[in-house]
Amino acid sequence: MKQMTLFDTIAADTQPLAARLRPATLEEFAGQTQLLGPGKVLRRLIESDQISSMIFWGPPGVGKTTLARIIANRTKASFIDFSAVTSGIKEIRTVMKEAEDNRLYGTKTIVFVDEIHRFNKAQQDAFLPFVEKGSIILIGATTENPSFEINSALLSRCRVFVLQALKKEELTALLARALTDPRGFGGQKINISPKMLDMIALFANGDARTALSVLEMVILNGDLDSSGGITVSMEILEQCTSKKPLLYDKNGEEHYNLISALHKSMRNSDPDAAVYWLARMLEAGEDPLYVARRVIRFASEDVGLADPRALQIAVSAYQACHFIGMPECTVHLTEAVVFMSLAPKSNALYKAYEAAKLDAVKDLAEPVPLVIRNAVTDLMKNLDYGKGYQYAHDTEEKLTDIQCLPDALLGREYYRPAKEGEESLYQERLEKIKAWKKKHNAG
């Protein structure tokens, strides 16, 4: 074992907090319970030393590299750490020769490739024959979707494990441990409120490295008292994050207050307020896809056929958020939110469904009229299924006078068009249809 020197000790002390607290065991690892909880598949593979080639896919700061190092500590295989940023074909061939030599001596080799998506097709192909014949066990880490960034041949020989952004509670627990762990600030008296730890966790937005870096920064800039203790104030926290911590909890009341504020600002045609509430949520770490889903709902609930483009724009904004993520997608959500705010408003579709729902729940057993039943057997035809049905496309007007509502609900009107925007055109069309049917039914 290598003996620690004075210089090693000094170097360890000057390491960033995130490096000093890097977990060495599965028990210290924060988050990813869906993969590493008791009895979960990845934990079983690690504990039994039955690792096969795999890809760790997840956002920054969730533990992809750390997990690979934990595997390195537990496995009986030789472990080679490889960076896609600084390595090329020549380096890959050198590593593969080392792995081949290990195989001849009966030793497995795990090659960990950080940011594997940065390798081009030729570089990725260089791994393929060695993965196929078992010379190496490849573990790749990527922040990009492997379906698009990893060669299909290589990807088919790897199992993909999706690592998720850490929850606020997991980050808060990690920060609390940093205050007591000897590798962190366990030997110092730190005065920082639980509320501030929650704010740092929210600011980090699922990234453990960011959370620990911010904690280290606020403590190093805290106020030192006469007893040697360090006090972190809200002012220090605000300065170190370059922004005022926003009061926001994705799972709490404020979450629903803010989405309500956005929805109602758009409904009241106030684009300035709508964009403000949008920014409040996104800058506090809200998932842009959640906001986009709410905008899609708004497009039909509050705009509807007054401007049918609303739904198209809302869905397009969701797709844009999915494709490029934060922070670039903020402009796409802003476009959708401003459009919804300025669009003519109609809740006719929402009211139509709610009215129909009341009758549907109350009269669940109402039979489908025979004329519009599906006659797929001779027995059904003998029972008059589909008898008298008229195919609308065979008529000049593309209209028929057949009855489509159950007898008990005949004459019900659920959809009542508003007179706003393009829905006035649908209202005119509906009035003509009703007039035609009334005339032909009377006949």
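What list of ³J(HN,Hα) couplings, whole Hz, do you get for region 304-310 from phi and the Karplus terms 6.51, -1.76, 1.60, once you set θ to phi - 60° and write x for glycine and proline?
Couplings: x, 7, 5, 7, x, 5, 4 Hz.
Magnitude of the Cβ-charge dipole of the chain, K/R +1 and D/E -1, about the Cα centre, nearest 20 debye?
Values: 54 positive and 57 negative charges, 196 e Å.
Around 940 debye, computed over the chain.
Which one of ASP181, ASP359, ASP81 has the biggest mean-square fluctuation once the chain is modelled by GNM with Cα springs under 10 Å?
ASP359
As an exercise, find the ratio Rg/Rh for the chain from alpha-carbon atoms, using the Kirkwood inverse-distance average for Rh.
Working: Rg = 31.0 Å, Rh = 27.5 Å.
On the Cα set of the chain, Rg over Rh gives 1.13.
LYS264: accessible area at probe 1.4 Å, nearest 10 Å²?
Roll a 1.4 Å probe over it and LYS264 shows about 110 Å².
Could you give each residue of region 410-416 its phi-based ³J(HN,Hα) in whole Hz, using Karplus coefficients 6.51, -1.76, 1.60 with θ = phi - 60°, and x for Gly or Pro?
Once rounded to whole Hz, the list reads 4, x, 5, 10, 9, 8, 10.
Express as a percent, rounded to the nearest 5, the fraction of DSSP beta bridges in the chain (both residues included) that run antiparallel.
Taking every DSSP beta bridge within the chain, about 10 percent pair in antiparallel fashion.
Just going by the charge dipole of the chain, with Lys and Arg at +1 and Asp and Glu at -1 on Cβ, which of SER233, ILE402, SER53 is farthest out on the positive end?
The Cα lying farthest towards the positive end belongs to SER53.
What's the magnitude of the charge dipole for region 147-193 around its Cα centre, counting Lys and Arg as +1 and Asp and Glu as -1 at the beta-carbon? Answer in Debye, nearest 20.
About 100 debye.
How far is helix 194-204 tilted, in degrees, relative to the longest principal axis of the Cα atoms in the chain, given as a value from 0 to 90 rounded to the nearest 10?
80
Taking H placed 1.01 Å from N in the peptide plane, check which residues at least 5 places from VAL160 or on another chain put their amide H under 5 Å from its amide H.
Result for VAL160 returns ILE55.
Rounded, prolate or oblate, given the Cα gyration tensor of region 264-399, with a/c below 1.5 counting as rounded?
Working: a/c = 2.74, a/b = 2.65, b/c = 1.03.
Because a/c hits 1.5 or more and a/b exceeds b/c, region 264-399 counts as prolate.
Taking a ≥ b ≥ c as the square roots of the Cα gyration tensor eigenvalues, with a/c under 1.5 meaning rounded and otherwise prolate when a/b beats b/c, else oblate, which class fits region 127-184?
Details: a/c = 4.74, a/b = 2.31, b/c = 2.05.
Since a/c reaches 1.5 and a/b is larger than b/c, the shape of region 127-184 is classed as prolate.
Can you give me the long-range amide H partners of ASN191? Hydrogens built in the peptide plane at 1.01 Å from N, cutoff under 5 Å, separation of 5 or more residues or another chain.
ILE230, THR231, VAL232
Using Cα pairs closer than 8 Å and at least 6 residues apart in sequence, work out the relative contact order for region 36-123, in percent. Present the calculation step by step, with values, prior to reporting the outcome.
Details: 67 pairs, mean separation 26.0, N = 88.
Once divided by the residue count of region 36-123, the mean separation gives 30 percent.
Can you tell me which of GLN312, GLN390, GLN427 moves the most in a GNM of the chain? Springs connect C-alpha atoms under 10 Å apart.
Answer for the Gaussian network model of the chain: GLN390.
Given a 1.4 Å probe, how much area per residue of the chain is accessible, in Å²?
On the way: 24960 Å² over 443 residues.
Per residue, the chain has an accessible area of 56 Å².
Put +1 on the Cβ of every Lys and Arg and -1 on every Asp and Glu Cβ in the chain; which of THR330, ASN441, TYR353 then has its Cα farthest towards the positive end of the dipole?
ASN441
For TYR353, what accessible surface area do you get with a 1.4 Å probe? Give it in Å², rounded to 10.
140
For the chain, can you list the cysteines whose C-beta has no other cysteine C-beta under 4.7 Å from it?
CYS158, CYS240, CYS404 - these cysteines have no disulfide-compatible partner (Cβ-Cβ under 4.7 Å) in the chain.
Please give the Cα centre distance for region 365-415 versus region 128-174, rounded to the nearest Å.
54
What do you get for the angle between helix 330-342 and the principal long axis of the chain? Use alpha-carbon atoms, 0 to 90 degrees, nearest ten.
20
Which percent of the accessible heavy-atom area of region 351-443 goes to carbon and sulfur, probe 1.4 angstrom?
With neighbouring chains kept in place, the figure for region 351-443 is 55 percent.
State the answer as a single residue: which of SER316, VAL131, LEU364 lies farthest towards the positive end of the charge dipole of the chain, with beta carbon charges of +1 for Lys and Arg and -1 for Asp and Glu, about the Cα centre.
In the chain, that residue is VAL131.
Below 8 Å, C-alpha to C-alpha, sequence gap of six or more: please give me the relative contact order for region 271-413 in percent. Can you show the working numbers first?
Working: 134 pairs, mean separation 30.4, N = 143.
The normalised contact order for region 271-413 reaches 21 percent.
Taking the Cα centre as origin and putting +1 on Lys and Arg beta-carbons and -1 on Asp and Glu beta-carbons, what dipole magnitude results for region 289-373, to the nearest 20 debye? Mind showing how you got there, number by number?
Numbers: 9 positive and 9 negative charges, 16 e Å.
With Lys and Arg at +1 and Asp and Glu at -1, about 80 debye.
In whole Hz, with x marking every Gly and Pro, tabulate ³J(HN,Hα) for region 90-107 from phi via Karplus 6.51 cos²θ - 1.76 cosθ + 1.60, θ = phi - 60°.
With coefficients 6.51, -1.76 and 1.60, one gets 4, 5, 4, 5, 5, 5, 5, 5, 4, 5, 5, 4, 4, 5, 4, 8, x, 10 Hz.
Near LEU212, within a Cβ-to-Cβ distance under 12 Å, what is the net charge of the other residues, with Lys and Arg +1 and Asp and Glu -1?
Computed value for this residue: +2.
For region 55-136, just say rounded, prolate or oblate: build the C-alpha gyration tensor, square-root its eigenvalues into a ≥ b ≥ c, call rounded for a/c under 1.5, and beyond that prolate if a/b exceeds b/c, oblate if not.
It is oblate, given that a/c is not under 1.5 and a/b is not larger than b/c.
Report the percentage of all Cα-Cα pairs in region 149-235 whose separation exceeds 21 Å, rounded to a whole percent.
Every Cα pair in region 149-235 considered, those over 21 Å come to 40 percent.
Among the GluC sites (Glu not before Pro) in region 321-393, which ones are in a DSSP loop with at most 16 other Cβ atoms within 10 Å of the Cβ? Mind listing them?
GLU328
Would you list THR377, THR33 from the most to the least accessible area, probe 1.4 Å? Intermediate results must be reported in sequence, preceding the final value.
Working: THR377 60, THR33 85 Å².
Sorted descending by solvent-accessible area, the residues read THR33, THR377.
In the Gaussian network model of the chain, springs joining C-alpha atoms below 10 Å, which of GLU115, GLU98, GLU413 carries the largest mean-square fluctuation?
Looking only at GLU115, GLU98, GLU413, the biggest GNM fluctuation is shown by GLU413.
With angles folded into 0 to 90 degrees, how steeply does helix 423-442 sit against the dominant principal axis of the chain? Use alpha carbons for both and round to 10.
40
The values are calculated or read from the model by the stated rules, or taken from the named source; none is laboratory data. Please read these numbers as outputs of a predicted model, since none were measured by experiment. Every residue, glycine among them, receives a Cβ derived from its backbone with ideal geometry; neighbour counts consider all protein chains shown. All accessible areas refer to the heavy atoms of the entire protein, side chains included, with ligands and DNA or RNA removed. Shrake-Rupley method; radii C 1.70, N 1.55, O 1.52, S 1.80 Å.
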